[in-house]
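The values are calculated or read from the model by the stated rules, or taken from the named source; none is laboratory data. Owing to the predicted nature of the structure, the values given are computational and were not obtained by experimental measurement. Here the Cβ is made from the backbone with ideal geometry for all residues, glycine too, and neighbour counts use every protein chain on show. Keep in mind that these areas ignore ligands, DNA and RNA; they rest on the heavy atoms of the full protein, side chains included. Shrake-Rupley method; radii C 1.70, N 1.55, O 1.52, S 1.80 Å.
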Amino acid sequence: MGTTDADERGWPAEFGPPAASGAVRRALWAELADARRRRGEAPVRVLDVGGGTGAWAVPMAVAGCQVTVVDTSPNALAALRGRAREAGVGGRVHAVQGDAQNLTDAVPAADADLVLGHGLLEVVDDLAVAVVQLAQAVEPGGAVSVLAAGRYGAALGQVHAGRLPQARAMLTDPEGRSGAPTDPLRRRLDATALRGLLESAAGLSIELIHGDGVFDSWLPAAVLEADPSGADELAALEDIVATTPELLVLAARLHVLARRPSGGPGEL
């Protein structure tokens, strides 16, 4: 597991690509490789908070990790167990019903090498409490990966769709909401807010920020269908802009990898 092309192909092909860009996948695969070196012969411990049916958890278990998924939905956890059994990793995936704001009541504190909070911060009740819980769940020196809906990318999408009041609301509302009663998210974040939250509230050190999905939502499907190389070209473009500061802020999702200081569990 690492950052080479060979390691990219190490993502189990039967699951298809996860719902994130190659840049996000490479960052996580590199983190798992580092954790494996730290752990030696012991398996890497991953905690996936709000991981649902296991889009990330099951492939990571196939790669040799011990993965605990905490989710509020019993139906999602049942589907996770079935998916893990089908993949032959039922013994490496542990499903726990619980929520992010009481995470350390459901799982031990400081007991994971990598904590995932993907698609989580947009929906939790108390954002500050949730990020502190994520930070407390990872061991000192371990990493927290957050993937969250981006405010500016969402506003641009509303403009593109001709919904100008909703775009204005997303830019001016403190939580980045559209004002529509059907808005499924409690909030949307920008890179500055996300960085400040993880550093100030959770005491984590930011190592990288990626934009995930800068161009893919704007490209008409007909373009990809007409060009056999279109998907590869789009992926190459996304890899370039994922770390370009002027463009990543417009991404549909923002990815942050942050690390807990190594001084000990009492620091948070």
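Some points to look at:
- Labels on offer are [x] 6, 26, 29, 19, 12, 6, 2, 0, 0; [y] 6, 23, 27, 25, 15, 4, 0; [z] 7, 29, 36, 23, 5, 0, and the one holding P(r) over Cα pairs in 10 Å bins from 0, in percent computed from this structure is [z].
- Here's the picture: charge each Lys and Arg Cβ at +1 and each Asp and Glu Cβ at -1 in the chain, and of Thr53, Leu189, Gly162 the one pushed furthest to the positive end of that dipole is Thr53.
- Charge tally around Ala137: other residues with Cβ under 12 Å, Lys/Arg +1 each, Asp/Glu -1 each, net -3.
- Total charge dipole magnitude, the chain, about the Cα centre, Cβ charges on Lys, Arg, Asp, Glu only, Debye to nearest 20: 400
- Taking every C-alpha pair closer than 8 Å and separated by at least 6 residues, the mean separation divided by the residue count of region 105-247 gives a relative contact order of 19 percent.
- Counting only protein heavy atoms and a 1.4 Å probe, region 162-235 has 57 square angstrom of accessible area per residue.
- Based on the Stokes-Einstein relation at 37 °C and a viscosity of 0.692 mPa s, and on the Kirkwood radius from alpha carbon pairs, region 138-221 is assigned a translational diffusion coefficient of 229 µm²/s.
- Calculated [θ] (222 nm, deg cm²/dmol) that DSSP helices of n ≥ 4 give over the chain, each run adding -39,500 (n - 2.57): -10500 deg cm²/dmol
- Dipole orientation for the chain: of the candidates Leu103, Ala236, Gly211, Leu103 has the Cα lying most toward the positive pole (charges on Cβ; Lys, Arg +1; Asp, Glu -1).
- Heavy-atom surface analysis with a 1.4 Å probe gives region 132-218 a carbon and sulfur content of 54 percent of its accessible area.
- The residues of region 30-124 expose on average 40 square angstrom of accessible surface per residue, using a 1.4 Å probe on protein heavy atoms.
- Largest to smallest in accessible area, the residues His160, His118, His94 fall in the order His160, His94, His118 (1.4 Å probe, all protein chains included).
- Basic side chains Lys and Arg get +1 at the Cβ, acidic Asp and Glu get -1 at the Cβ, and with that the dipole of region 87-214 about its Cα centre reaches some 560 debye.
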